[in-house]
Every structure is written in structure tokens, then in C-alpha cells.
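Encoded as C-alpha cells, the structure appears first; notes follow it.
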Amino acid sequence: MRSYRALARAAARAALAYRLSLLLGMGAVLVQLVALLAVWRVVLAQSPINGFTWPQMRAYLLVAFAAGIVVSILGDFRMAYRILDGDVALDLVKPVDYQKARFAESLGGLWIELALIGVVVGVTLAFTGGVDLPAGAGAALFVASMLLLVPLKFLIVYVSTLACFWTQNFMGVQWARLAVVNLLSGALIPLVYLPHWLATAAQWSPFAGLTSTPALIFLGRVDAGEGLLLVAVQLGWVLVLWFGARLVWRAALRRLTVNGG
Amino acid sequence: MRTARLYLRLLGAHFRSLLEYETDFLILAGATVLMQVVNIVFLAALFAKVPVLNGWTFWSVLMMFGAVALAEGVGSLFFDGMWNLAWHINRGELDYYLVRPYPVALQVSSAALGINGLSNIVTGSLMIGAGLAHSAVDWTPWRVGLAVLLLISSVVIKVSINLATNAVCFWLSSPSPMFAFAMHQVGDLARFPLSIYPLALKAVLGVALPFAFISYFPIAYLLDTGPSRWLGLLTPLAAVYCAGVAALVFQRGLRRYESAGN
């Protein structure tokens, strides 16, 4: 446990050492927030659509932004380069579990991400007006959902980064993942706006847990029963992916070639 | 002429080496096409519920997405080397370029070829084409010529902004082009009609970093939609201005360059 804590602390220090990169790395998520806020402000000015009013959509987009920032520091690029360079061999000889070590590293930067989210959400609310907070069961479910989002997002990034054992081209894999996650998580547009079959498929996919589930619970668009089901789906995917990732990792190690060393 | 011929030969060398990695090309092409498909699904889902966004239809916004994709594609396919400039500066590797009898900026930009640009050029052109096919533009020879001029200017603007923002690395001395990349992402805002943004953002996208001249202004002029549509006619001027500023920034930066001593 102590070694994992040390890894988490080291990850946070590395992130703070490259502060500018850290801020600029948030760019894509921030730009999307600004663009979508502007679009929906115009679209929803007249009347609500699909039951979304402008204040609700604003809250939805802010939750989507927070979900997009969480677990994004340092993560995939570093791991990908270590695999492609063969430096991963050094990770293998360390007496820690590879998957848990990477998870510890993504947890390390979490408090920095939360601080950044706090700033952006605060500024946005100051400029566009407040949001209604969920109460009671909704609040508890929202917190549970956001907590599950952390391992879920880590696992989706982790599994897709393991693709580096098969292909040299991490960039393409990353772009494809970002595109799929953006659409199927509901980060780009709430799932109810999508065609029914696509929305249903996305709802049950692991991606919905990355934005749609916490955002819908936050808005109170699902009642306690439905919310509980959605969070249970999130939890189910975390377990499936955690153990599935171990299988992928075992297969990946058999592919590993390291030159020299 | 000789400059252009040499440029293509420089790129050609990289192209041949890329052909060695066929799966790489397929993965990148697949990923970029997927990104555009996601964009189109998003726009279709949005415009299924609202007929117009500040007077802009699905097809006209699709054209703006297409214009940004096309400009990005040309930048990647023909000028991808710019994105390695930060790394070269940080390592002090620019010396080789300085002693060759060819413009340094062109050597830098031809030092890599982003094959993903090809799929963005294709998808971007298709999106612009689909948008035009659904518009009521009255095509005269003069309008066709103007449209081509606007398109070329739009691409020049994108490439110039890429060069200028990457050349900022001469001052930042960071090994990665983080600043240029962040500005590139700001450019994504220009995929939507400028009129939806607050005044400060309009000023940034219209004047400071004129991304709006890549997509919004020329398309507003062509489709004759939105307020201040005549601004689209300034696109060629904006292109000349951007290219000039980019060249200036690069020259200034190059003077600051310090070799690692090879």
C-alpha cells in the first residue's frame, strides 16, 4: 500500500512540475464546454427541448466538463510511450502490480483536477447564473456515481492504451477512443437526443457512466430507483473491466518484445 | 517553382516511408473518419430538434465543420513538420536546416507528413460539397472563382496560424508544442457560427486568432446568411496578413535560436 501511495504522490508532483502543460492539456474539454454552452444558450432561449431547459443544460454541461477533466492528468501518453519504448520492462520488475500502480498514479492527480474543476465551474456559474443542487437520495447517488466514474474512466483509458502492445500507432487509437467516448457517454449531446436505438445501446455501454449517468442524476431526470439501476450498471462495468483488463494484460505481455536493456 | 518541386520531393521521401506501415495508415484514417462521423451525428441530432441556429441550417453548419476539417487536413498532410519544431528547438537540432540552401520554415514543415490529413481532406470536402448541394447559391463563373479563392485563403490562414503558434516555441523552449496545440483546439470554436459567442470570443476568433476566416466569414458570404456577410470578402486579405505575421514571428524566433553545438 505504501508503494502505491508513493506512486500517487510522485504523479501529483510531476503534474505540478509541468503546470503549463497541465492547463493547456485541458484545452479540448474546455473548448467543448464553451462551444456547447454557446450553442445551447441560443437553442434553448425560446423553449425547452426534450425536457431540457437552459439552466438544466448548463448544469448538464458542467457535470460533463467535470467528468471530462477527472483522471486526465499524465495518464495515457506516458503509459503508451513506456510500452512503445520498451521502458515498460522496468515497470515489470518492480514489486508492484502494474494495473494497480497505474491506477494509483491516476488517483494522485485527482485533487489537482478537482481544484481546476472548481475554478472553471465557479467562473461559469458567476457568468451564467447558478444551478439547482440535487437533494437527499439524488445527492447521495450523484456522489456514488462520480466516485465510480474515477475507476471506470481509468479502466477505459487503461485498456485502450494496452493496444500499444499490438500497434505502434497510439495516436489513432486515442483519437478513436475520444470520438467514441464523446458521443456514447453523452458528453457531446445528451443521449435522449440521439436516435432511439443508439441511445439505448449507449445507455447500457460502459461509456454512459462517464457523463450521462452522473449528469442525469444531478439534474434529477431519473428517480431514485432508476438512478440506483444506472449506478449499478456503472459498478458492473467497473468490475467487468477491472478483471477484463487483467486478461488483456496477460495476452499483451506475451506480445512484448524489448530490445536490449 | 524550384522551391515547390523540392518541397514535394522532401515530402515524397516521408510518404514513401509511411507506405511501409500500412496498418498505421488504416488506423489513423479510420480514427479521423470516426471523429467526423461523430461530429455529423451530433449535428444531425441537434438539428433534428431545432431547424436553425441563429439563422444557420444543418447544411450550412456542416459546411463550417467541413471547412475546418479541410484546412486542418491540408495542414496535416503537407505541413505536419511544424508540429515537431518545438522538439527540434529543444534538442538544438535546427542546425542542419540552417546550413541547407532552402527556406528554413519550409524545411521544418516538410519534415513530416500526417497521413491522417488525407482522410480529413476527403471528409471535409464531402461535408462542404454536401452543404453546397443543399444551398441555393446562384453559381456564376465569377462566384466559382471567388469560392476557390476563399477556400485557398482559408487554408492559408490555418497553416499560417499553425506556423506562428508553433514558432512561439522559440520563446517558450518547451519540448512539446502544447501552446500551438491549445490554440489549434481554440480553432474548433470556429466550427459554429460566430454569432452565437459573446463579444470577447468574437474578438478573439475574428481578430486576434482569425479562425473565423477559415470557416464562418467565407461561408457567410457564399451563402449570403447572417449579419456582416461582406466580411467574408476580407478572407484573402486576412490570409495575406496571417502569412505575413507567421513569417515575421518565425524569422524573429529563428534569431533567438541557440544551437546545442553539433
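Would you check which residues across the range B:23-64 are at pLDDT below 90, out of contact with any strand residue (DSSP E or B) (no Cβ under 6 Å at 6 or more places or on another chain) and assigned to a loop (DSSP other than H, G, I, E, B) and list them?
B:V50, B:P51, B:V52, B:N54, B:G55
Would you point out which residue out of B:A180, B:A200 is within 25 Å of A:F77 (Cβ to Cβ) and assigned to a helix (DSSP H, G or I)?
B:A180
Would you mind stating whether A:G68 is closer than 20 Å to B:K49 by Cβ, more than 10 Å from every other protein chain (Cβ to nearest Cβ) and of a type outside the set (D, E)?
no
Among (1) surrounded by fewer than 16 Cβ atoms within 10 Å (Cβ to Cβ); (2) within 8 Å of chain A (Cβ to nearest Cβ), where does B:A31 come up short?
With (1) surrounded by fewer than 16 Cβ atoms within 10 Å (Cβ to Cβ); (2) within 8 Å of chain A (Cβ to nearest Cβ) applied to B:A31, the lone miss is (1).
Residue under question is B:T225, and the condition is that it be over 15 Å from B:V159 (Cβ atoms), β-branched (V, I, T) and touching a residue at least 12 places away in the same chain (Cβ under 8 Å); does it hold?
yes
Among the residues of the range A:45-71, which ones are in contact with a Lys or Arg (Cβ under 6 Å, 6 or more places away or on another chain) and either crowded, with 21+ Cβ neighbours inside 10 Å or in a helix (DSSP H, G or I) (or both)?
A:V71 - this is the single residue of the range A:45-71 that is in contact with a Lys or Arg (Cβ under 6 Å, 6 or more places away or on another chain) and either crowded, with 21+ Cβ neighbours inside 10 Å or in a helix (DSSP H, G or I) (or both).
Just give me the residues in the range B:181-205 being more than 8 Å from chain A (Cβ to nearest Cβ) and either surrounded by fewer than 21 Cβ atoms within 10 Å (Cβ to Cβ) or modelled with pLDDT under 90 (or both), in sequence order.
B:M183, B:S195, B:L199, B:A200, B:K202, B:A203, B:V204
Listed here are the residues, each with its yes/no results for (1) at the interface with chain B (Cβ under 9 Å from one of its Cβ atoms); (2) crowded, with 20+ Cβ neighbours inside 10 Å; (3) of a type outside the set (G, A, S).
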residue: A:P134; (1), (2), (3): no, no, yes
residue: A:S145; (1), (2), (3): no, yes, no
residue: A:K153; (1), (2), (3): no, yes, yes
residue: A:V173; (1), (2), (3): yes, yes, yes
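So if I check each of B:L94, B:L85, which one is crowded, with 24+ Cβ neighbours inside 10 Å and closer than 30 Å to B:L254 by Cβ?
Criteria check complete, one pass: B:L85.
Taking the range A:187-219 on its own, how many of its residues are away from chain B (no Cβ under 11 Å), small (G, A, S) and surrounded by 20 or more Cβ atoms within 10 Å (Cβ to Cβ)?
Number of matching residues: 4.
Just the residues that are among the hydrophobic types (A, V, I, L, M, F, W, C) and more than 8 Å from every other protein chain (Cβ to nearest Cβ), please, taken from the range B:38-61.
Across the range B:38-61, the qualifying residues are B:I40, B:L43, B:A44, B:F47, B:V52, B:W56, B:F58, B:W59, B:V61.
Taking the range A:82-109 on its own, how many of its residues are touching a residue at least 60 places away in the same chain (Cβ under 8 Å), in a helix (DSSP H, G or I) and under 23 Å from A:R19 (Cβ atoms)?
Residues flagged as touching a residue at least 60 places away in the same chain (Cβ under 8 Å), in a helix (DSSP H, G or I) and under 23 Å from A:R19 (Cβ atoms) within the range A:82-109 amount to 5.
May I ask you to say which residue of A:A89, A:A115 is closer than 30 Å to A:W175 by Cβ, over 22 Å from the mean Cα position of the chain (by Cα) and not charged (D, E, K, R)?
A:A89
Does the range B:13-28 contain at least one residue that is at the interface with chain A (Cβ under 9 Å from one of its Cβ atoms), on the phi < 0 side of the Ramachandran plot and under 20 Å from the mean Cα position of the chain (by Cα)?
Scanning the range B:13-28, I find at least one residue that is at the interface with chain A (Cβ under 9 Å from one of its Cβ atoms), on the phi < 0 side of the Ramachandran plot and under 20 Å from the mean Cα position of the chain (by Cα), so the answer is yes.
Quick check on the range B:219-242. Is at least one of its residues polar (S, T, N, Q), closer than 22 Å to B:G145 by Cα, in a helix (DSSP H, G or I) and under 19 Å from the mean Cα position of the chain (by Cα)?
Yes; the residues of the range B:219-242 include at least one that is polar (S, T, N, Q), closer than 22 Å to B:G145 by Cα, in a helix (DSSP H, G or I) and under 19 Å from the mean Cα position of the chain (by Cα).
Within the set of pairs 6+ apart or on separate chains, which have a first residue in the range A:19-44 that is facing another protein chain (nearest Cβ under 7 Å) and in a helix (DSSP H, G or I), a second that is surrounded by 20 or more Cβ atoms within 10 Å (Cβ to Cβ) and hydroxyl-bearing (S, T, Y), and C-beta atoms under 6 Å apart?
Once the first residue is facing another protein chain (nearest Cβ under 7 Å) and in a helix (DSSP H, G or I) and sits in the range A:19-44, its partners that are surrounded by 20 or more Cβ atoms within 10 Å (Cβ to Cβ) and hydroxyl-bearing (S, T, Y) give A:A38/B:Y197.
The values are calculated or read from the model by the stated rules, or taken from the named source; none is laboratory data. Treat the numbers as computed from the prediction; the structure is a model and nothing was measured. Neighbour counts are summed over all protein chains in view; Cβ atoms, including those assigned to glycine, are modelled from backbone coordinates with ideal geometry.
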